[in-house]
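A short worksheet on the structure shown next.
The values are calculated or read from the model by the stated rules, or taken from the named source; none is laboratory data. Computed from a prediction, not measured in an experiment: that's the story for all the values here. Note: ideal-geometry Cβ built from the backbone for every residue, glycine included; neighbour counts use all protein chains shown.
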Amino acid sequence: MMDRKSLCIELYRALYLIRTAESGILKDYHLDEMKTPMHMSRGEEAIVVGTCHALGKDAQVLGSYRSHALYLAKTGDTDGFFAEMYGKSTGNAHGKAGSMHLSAPEQGLLCSAAVVASTIPISLGVAFANKVRQMDRPTAVFFGDGATDTGVFWESLNGACLMKLPLMFVCEDNDFAVHTRKNERQGFGSIVKVAEQFDCGVFQSDSTDVEEIHRVAALALADMRRTGRPAFMHFKWHRYLEHVGINEDFDAGYRSKAEFAEWYENDPVDVQRSKILHEGWLEMDALEEMEAAIDWQVDQSIQLAKSAPLADPSEIYNGLFA
């Protein structure tokens, strides 16, 4: 079992990698060389990092179109990540996935998809297959609170409870479905209280502290293994940028910059960095050396992606079922 110091440093490394990779997108996106819309993960990094680490490398996960953090938390692979951003043949999907369909099945990220809630029923099938094959392998599906407005979410949660599947439903709740707040779309006050009516473990946290999220996810995993029931996890976060794109959108009128500023005081990357320094786990020089190595990795991956060839046009026909 990993000691707390090693755990917190490893969690920070993953947080910093995600934040730095997305900073690379912000820096170069205006050049119009990345031919894909961007759903940025800034603000939610701690949820995927803490949960994926607690689940372990053998876990299988699925995500939504906001998939950058999930891909990087699960793989650490910036070469494949930027190759897909630039639509190049060296990407996992040879440039066809773009930002919204990232996957790395061999590393446990089975798929992410652009249609809201569409990977939730797929995760049900994955968990069912693992149970039938008697594999001690948890499955987790990540989705926004907007996905809980769909029928397929409730059908899948109900099915997982009835079949007692090792499936973790991870709700990344930022209060908005695009621009619409929950109180304008949901006829109930608390998704957590509704989930508690189902035969599943229910876990929640409003913390931006990745170590706390890791703790909650570990509790949920232990409960799944002890009881055989699925788990529903509810985490809060704040989307730093517009729903799709790389800009701020506080002038759109549906939320205020003051609301963002309040959340940013507890930015997950800053919280973990400060903790490492405060606890004396790393001196500033050592921490900056680790960050510089990640900066270099990201920069090299961007340069590799820019110089890589585009896929042959015939590639568009590969991987089709019909």
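A few remarks follow.
- Of all the criteria given as (1) in a helix (DSSP H, G or I); (2) more than 17 Å from residue 43 (Cβ to Cβ), the one not satisfied by residue 212 is (2).
- Annotation note: Cβ proximity below 7 Å between a residue of the range 234-245 that is surrounded by fewer than 21 Cβ atoms within 10 Å (Cβ to Cβ) and a residue that is of a type in the set (A, V, I, L, M) and in a loop (DSSP other than H, G, I, E, B) (sequence gap 6+ or interchain) occurs for 241/40; 243/178; 244/38; 245/38.
- A count restricted to the range 275-296 and to residues that are touching a residue at least 24 places away in the same chain (Cβ under 8 Å) and either in a helix (DSSP H, G or I) or basic (Lys, Arg) (or both) stands at 6.
- Only one of 222, 261 that is surrounded by fewer than 17 Cβ atoms within 10 Å (Cβ to Cβ), within 30 Å of residue 162 (Cβ to Cβ) and under 24 Å from the mean Cα position of the chain (by Cα): 222
- Here residue 308 clears all of (1) more than 21 Å from residue 13 (Cβ to Cβ); (2) surrounded by fewer than 16 Cβ atoms within 10 Å (Cβ to Cβ) except the condition numbered (2).
- All of 196, 211, 172 fail the test of being touching a helix residue (DSSP H, G or I) at 6+ places or on another chain (Cβ under 8 Å) and farther than 30 Å from residue 36 by Cβ, apart from 211.
- Residue that is nearest to residue 43 (Cα to Cα) [pool: residues in the range 125-140 that are buried (at least 16 other Cβ atoms within 10 Å of the Cβ), touching a Pro at 6+ places or on another chain (Cβ under 9 Å) and not polar (S, T, N, Q)]: 138
- Considering only residues in the range 236-252 that are hydrophobic (A, V, I, L, M, F, W, C) and outside any loop (DSSP other than H, G, I, E, B), the one that is farthest from residue 217 (Cα to Cα) turns out to be 252.
- One residue alone among 95, 24 is on the phi > 0 side of the Ramachandran plot and in contact (Cβ under 8 Å) with a residue 12 or more places away in the chain, and that residue is 95.
- Hits in the range 253-274 (condition: assigned to a loop (DSSP other than H, G, I, E, B) and polar (S, T, N, Q)): 256, 266
- Checking each residue in the range 137-162 for being part of a loop (DSSP other than H, G, I, E, B), touching a residue at least 60 places away in the same chain (Cβ under 8 Å) and out of contact with any helix residue (DSSP H, G or I) (no Cβ under 6 Å at 6 or more places or on another chain) picks out no residue at all.
- Residue within the range 163-182 that is assigned to a helix (DSSP H, G or I) and buried (at least 19 other Cβ atoms within 10 Å of the Cβ) present: yes
- Within the range 281-322, the set of residues being hydroxyl-bearing (Ser, Thr, Tyr) and within 20 Å of residue 32 (Cβ to Cβ) comprises 301, 307.
Listed here are the residues, each with its yes/no results for (1) out of contact with any Cys (no Cβ under 6 Å at 6 or more places or on another chain); (2) within 29 Å of residue 270 (Cβ to Cβ); (3) not basic (Lys, Arg).
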residue: 95; (1), (2), (3): yes, no, yes
residue: 109; (1), (2), (3): yes, yes, yes
residue: 122; (1), (2), (3): yes, no, yes
residue: 125; (1), (2), (3): yes, no, yes
residue: 142; (1), (2), (3): yes, yes, yes
residue: 157; (1), (2), (3): yes, no, yes
residue: 171; (1), (2), (3): yes, yes, yes
residue: 200; (1), (2), (3): no, no, yes
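- Residue check, residue 145 surrounded by fewer than 18 Cβ atoms within 10 Å (Cβ to Cβ), at pLDDT 95 or above and more than 13 Å from the chain's Cα centre (by Cα): no
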